[in-house]
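Below: one structure, written as structure tokens.
The values are calculated or read from the model by the stated rules, or taken from the named source; none is laboratory data. The structure presented is a predicted model; accordingly, all values stated were derived computationally and were not measured. Reconstructed Cβ throughout: ideal geometry from the backbone, glycine too, with neighbour counts over all protein chains shown.
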Amino acid sequence: MKLLILGGTGEASALARALAGDSRFSPVLSLAGRTRHPAPQPLPTRQGGFGGAAGLARYLAAEGIDLLIDATHPFAVEISRNAVEAARATATPMLTVLRPEWEPAPGDHWLLVSDMPAAAAALGDAARCVLLTIGRQDLAPFAAAPWHHYVVRSVDPPPPESLPPNAEIIAMRGPFLAADERRLLTEHAIEVLVTKNSGGSATVAKLHAARALGLPVVMVARPSKPASETRATVAEALAWLAARHAASLPRGA
Ligand code: NAP
């Protein structure tokens, strides 16, 4: 069966590793092209937008895609909306892989906010040293709070014009270890951490380090993804694929 995996996450990469060499499926992995040097993948990979829901629907039809897997980031809502629409338009069975959210644990001091402007406002009027681990696409709202000192960590350095005035950059790719995260917070005298509620294990260590140091965390809530059949793990997604493949075989095969 021909599969299109919308990727850019650890789950998509894990699916790619699990499916490489599986003769039941002929998968293509699609990346948005956000990172300059994406990790090498064991599957045929394409990069860049499709041109909205209509463009994705045209791709599904032209490539004869049998199954669509949306394994994009929990904050990537546009592509998921397009995927649901394109799957419906082409009658392509679709599954969303969406990891669970992080939950606060005893000792955490989380301030929950609904979006990035609210996160910037929540930092308050007194100057603080802030670690931003929100990627590089959502920095603009922090220009409205230029009295803070920002340490911005992202996979690739953000474009200089997107940075708040008082910012330093750490370009690093996860996964991160709790001891390293603790050192980072201490060495940069971080007073508050801002993060999206991405969930997953690759970047959770910063929350453990903040808890150990008693630091507050401004936690940006997830936007809602459009309704679709959803699994939380790669193992469950693989089971869904296996069931779809079995159902496609002629009776008795
Ligand atoms: P988005 O806002 O949902 O998507 C914007 C457009 O990018 C889509 O409409 C689509 O363009 C294209 N696109 C997105 N994912 C694609 C994929 N897998 N293959 C092909 N095209 C894709 O998503 P985003 O701009 O990538 O990111 C939104 C949020 O997710 C940000 O907060 C970002 O930090 C976070 N995030 C994204 C990634 C990633 O790999 N994309 C990774 C980590 C975090 P067309 O309409 O032209 O098809």
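Could you tell me which of the residues Pro106, Pro100 is surrounded by fewer than 15 Cβ atoms within 10 Å (Cβ to Cβ), away from the ligand (no atom under 16 Å from the Cβ), under 21 Å from the mean Cα position of the chain (by Cα) and in a loop (DSSP other than H, G, I, E, B)? Steps first, please.
Details: Pro106 fails: under 21 Å from the mean Cα position of the chain (by Cα).
Of Pro106, Pro100, the one residue that is surrounded by fewer than 15 Cβ atoms within 10 Å (Cβ to Cβ), away from the ligand (no atom under 16 Å from the Cβ), under 21 Å from the mean Cα position of the chain (by Cα) and in a loop (DSSP other than H, G, I, E, B) is Pro100.
Suppose we filter Ala209, Ala179 for residues that are outside the structural domain of Ser13 (by TED's automatic domain parsing), in contact with a Leu (Cβ under 9 Å, 6 or more places away or on another chain) and in a helix (DSSP H, G or I); which single one remains? Walk me through how you get there before you give the answer.
Working: Ala179 fails: in contact with a Leu (Cβ under 9 Å, 6 or more places away or on another chain).
Of Ala209, Ala179, the one residue that is outside the structural domain of Ser13 (by TED's automatic domain parsing), in contact with a Leu (Cβ under 9 Å, 6 or more places away or on another chain) and in a helix (DSSP H, G or I) is Ala209.
Just so you know, in the stretch 22-41 the residues that are over 20 Å from Ser154 (Cα atoms) and among the charged types (D, E, K, R) include one that is farthest from the ligand (Cβ to nearest atom), and it is Arg24. Report whether or not Ala120 is over 20 Å from Lys206 (Cβ atoms) and crowded, with 17+ Cβ neighbours inside 10 Å. Here the answer is no, as Ala120 does not meet what is asked. The residues listed here are Arg136, Arg251; of these, the one that is in a loop (DSSP other than H, G, I, E, B) and crowded, with 20+ Cβ neighbours inside 10 Å is Arg136.
Restricted to the stretch 134-189, and to residues there that are hydrophobic (A, V, I, L, M, F, W, C) and more than 20 Å from Ala120 (Cα to Cα), the residue that is farthest from the ligand (Cβ to nearest atom) is Ala179.
Contact map, the stretch 110-139: first residue among the charged types (D, E, K, R), second residue within 16 Å of the ligand (Cβ to nearest atom) and assigned to a helix (DSSP H, G or I), Cβ cut-off under 7 Å, separation 6 or more or different chains; pairs are Arg136/Ser162; Asp138/Met116.
Could you list all residues from the stretch 42-83 that are charged (D, E, K, R), touching a strand residue (DSSP E or B) at 6+ places or on another chain (Cβ under 9 Å) and either closer than 30 Å to Arg153 by Cα or in a helix (DSSP H, G or I) (or both)?
So the first thing to find is which residues in the stretch 42-83 are charged (D, E, K, R), and the list is 46, 58, 63, 66, 70, 78, 81.
So of that shortlist, the ones also touching a strand residue (DSSP E or B) at 6+ places or on another chain (Cβ under 9 Å) come out as 46, 63, 66, 70.
Matches in the stretch 42-83: Arg46, Glu63, Asp70.
Do you know which residues across the stretch 23-41 are assigned to a loop (DSSP other than H, G, I, E, B), closer than 23 Å to Gly174 by Cα and touching a helix residue (DSSP H, G or I) at 6+ places or on another chain (Cβ under 6 Å)? The answer is Gln41, and nothing else.
Look at Ala189 and say whether it is in a helix (DSSP H, G or I) and surrounded by fewer than 18 Cβ atoms within 10 Å (Cβ to Cβ). Walk me through it before giving the result.
Values: in a helix (DSSP H, G or I): no; surrounded by fewer than 18 Cβ atoms within 10 Å (Cβ to Cβ): yes.
Taking the combined requirement at face value, the residue does not satisfy it.
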